[in-house]
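Chemist: Take this structure, written in structure tokens, and hold onto it; I'll ask about it next.
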Amino acid sequence: MVPAESHLPTPASSSTPATPPATPAPPRALSFDRAADQYAAARPGYPPALFDAVEELAHRPLRGARTVDIGAGTGISTRLLHDRGARVTAVEPGAGMAAELHRSLPHLPVVRGDGNRLPLATASADLITYAQSWHWTDRALATAEALRVLRPGGALALWWNVSDHSVPWIAEQDARLRRFFGAGDSAHGSPVRSRDLPAGLDFTHRRVPWTRRVPLDTHLANLGSHSAFLVLGAEPTRRFLAEEGARLAELFPDGTVEESYAVDLSVAVVPSSPAS
């Protein structure tokens, strides 16, 4: 089973499992805890075409797949995987994020931990997913753990929503973000080639474009939920978002913003054991 029975939290429990993370997470990674409700309300989800691509590249359907969603946050990808029929266990290091996930998805198991040392049984998963979270891991440790927990023939799927900079207003916003933060930081994401993917695995890559239409306030809350803002402090964040809101109100006078993304997906299948 995934995870081993001794690690399964009781779905009907009235509180989120409290097992501490196995390894310390970077402070910026845990900054999301202070904005878990904002993250859950404003962050984009993922289009159905992403999960079609995961199934194609993993060479198996999601329905019935024993799946571990690592760095699950508030459960955005966890919910969508479950809706496709996957048997999902969420792994999340942050107490606030895990509590929000458990509140919204009380019937799904949540394990406190991170990808560097998974509290899960060996060869117990058909699929391991990282949605927006691989870059918070130690690559060597997390790769070894994924290979330990995956069954032969299982798959590791990593993906990120990346803002589409071919859209002029998004490119202009990205330039403003980079000027504001300096050192190349942004809240738009970056292509997979800069993600430091696991070594020694044969990844297949897919780009899945999609859009969503949201109120301007939701767009601004989405920006503000990124770690670069969360570690910055309330007042400079408020000033930037107020100025950004004024600019976008002129561009979108009806108050609805069309955000354009491409999900940057990479999937590797673990070779099956040779026949004995």
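Chemist: Can you tell me which of HIS82, HIS135 is over 21 Å from SER272 (Cα atoms), at pLDDT 95 or above and open to solvent by 30 Å² or more (accessible area, probe 1.4 Å)? It would help to see each step written out before you state the result.
Modeler: Numbers: HIS135 fails: at pLDDT 95 or above.
Every option except HIS82 fails the conditions.
Residue-wise test of (1) touching a Phe, Trp or Tyr at 6+ places or on another chain (Cβ under 7 Å); (2) more than 25 Å from TYR46 (Cα to Cα).
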| site | (1), (2) |
| --- | --- |
| LEU120 | no, yes |
| SER133 | no, no |
| THR137 | no, no |
| LEU141 | no, yes |
| ALA146 | no, no |
| ALA157 | no, no |
| PHE180 | yes, yes |
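Chemist: Filter the range 121-130 down to the residues that are open to solvent by less than 10 Å² (accessible area, probe 1.4 Å) and of a type outside the set (Ser, Thr, Tyr), then identify the one that is farthest from ALA262 (Cα to Cα).
Modeler: At the first step, the residues of the range 121-130 found to be open to solvent by less than 10 Å² (accessible area, probe 1.4 Å) are 124-125, 127-130.
Filter once more, keeping what is of a type outside the set (Ser, Thr, Tyr): 125, 127-128.
Numbers: ALA125: 27, LEU127: 22, ILE128: 21 Å.
My answer is ALA125.
Chemist: Being closer than 25 Å to ALA53 by Cα and open to solvent by 30 Å² or more (accessible area, probe 1.4 Å) is the filter; apply it to the range 228-276 and report the residue that is farthest from the chain's Cα centre (by Cα).
Modeler: Step one: filter the range 228-276 for residues closer than 25 Å to ALA53 by Cα, giving 258-273.
Then drop every residue that is not open to solvent by 30 Å² or more (accessible area, probe 1.4 Å), which leaves 258, 269, 271-273.
On the way: GLU258: 21, VAL269: 20, PRO271: 25, SER272: 27, SER273: 30 Å.
Within the range 228-276, the match that is farthest from the chain's Cα centre (by Cα) is SER273.
Chemist: Taking the residues in the range 13-65 that are among the aromatic types (Phe, Trp, Tyr) and either touching a Leu at 6+ places or on another chain (Cβ under 8 Å) or modelled with pLDDT of 80 or more (or both) as candidates, determine which candidate is nearest to ALA125 (Cα to Cα).
Modeler: To start, the set of residues in the range 13-65 that are among the aromatic types (Phe, Trp, Tyr) comprises 32, 39, 46, 51.
So of that shortlist, the ones also either touching a Leu at 6+ places or on another chain (Cβ under 8 Å) or modelled with pLDDT of 80 or more (or both) come out as 32, 46, 51.
Numbers: PHE32: 27, TYR46: 22, PHE51: 17 Å.
The extreme case among them is PHE51.
The values are calculated or read from the model by the stated rules, or taken from the named source; none is laboratory data. None of the values given here were measured: they were computed from a predicted structure. Heads up, the Cβs are rebuilt from the backbone with ideal geometry, glycines too, and the neighbour counts pull from every protein chain shown. Protein only, heavy atoms only, side chains kept; ligands, DNA and RNA dropped before computing areas. Shrake-Rupley method; radii C 1.70, N 1.55, O 1.52, S 1.80 Å.
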